[in-house]
Amino acid sequence: MHPVDEQLLEHLSAFSLYARYLVRNTDEAESYVQEACKRILERRNRLIGENIKAYGIRIIQRLVYDAGRMRPFNELNDESQVADPDTDPDEVFMADELLNRIVQMGRVCAEVLLLVAMRFKQREIAQQLNLPANTVATRISRCKQRLDVGGL
């Protein structure tokens, strides 16, 4: 298997999560993920050794922004409130509470904290958001303080 294909498969769930976060619609998000995957596969020989996760996130971000489809951060659709029946109700409650708190904090915190949750390093987040690394570190720190989750 091609090394880019392996990375692409490894990061599909992160791409879907990020696209759903941006557009708040699963079907629409999947179309952006598919387009990003198509573009990655078309360029895979030139992408050997690149960070495919960061590259895919950038493609999705640009596709969504170019289409003008980014949803307001305080708008949650009903499907985001549907829980898996096998999930512990306490975990669902905690996740919903955390999501609501993050959404209420605004776009800056929501975007930064989502990328942190996706396991991006501060340097990678800075590249994604086209910001200095120190600015990203400050935003992460301030957002965590506002959430009162400094240990995360």
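Every number here is computed from the coordinates shown, using simple stated rules; none is lab data. Note that the coordinates shown come from a computational prediction; the quantities given were computed from them, not determined experimentally. All Cβ positions, even for glycine, are placed from backbone atoms using ideal geometry, and neighbour counts span all protein chains on display.
Would you list His2, His11 from fewest to most Cβ contacts within 10 Å?
Least to most surrounded, the residues fall as His2, His11.
Need the full-extension length gain, Ala117 to Glu42, defined as separation in residues times 0.36 nm minus the C-alpha distance. One decimal, nm.
Here the answer is 24.2 nm.
In what sequence do Glu97, Glu35 fall when counting other Cβ within 10 Å, fewest first?
If I rank by nearby Cβ atoms, fewest first, I get Glu97, Glu35.
Can you give the local net charge around His2? Use residues other than it whose beta-carbon is closer than 14 angstrom to its beta-carbon, Lys and Arg +1, Asp and Glu -1.
In short, -2.
Which FRET efficiency value, to the nearest 0.05, is calculated for Gln145 and Asp66 with the Förster distance at 25 angstrom and r the Cβ-Cβ distance?
The formula returns an efficiency of 0.15 here.
Which order results if Met105, Met1 are arranged by neighbouring Cβ count within 10 Å, fewest first?
Ordered from fewest to most neighbouring Cβ atoms within 10 Å, Met105, Met1 come out as Met1, Met105.
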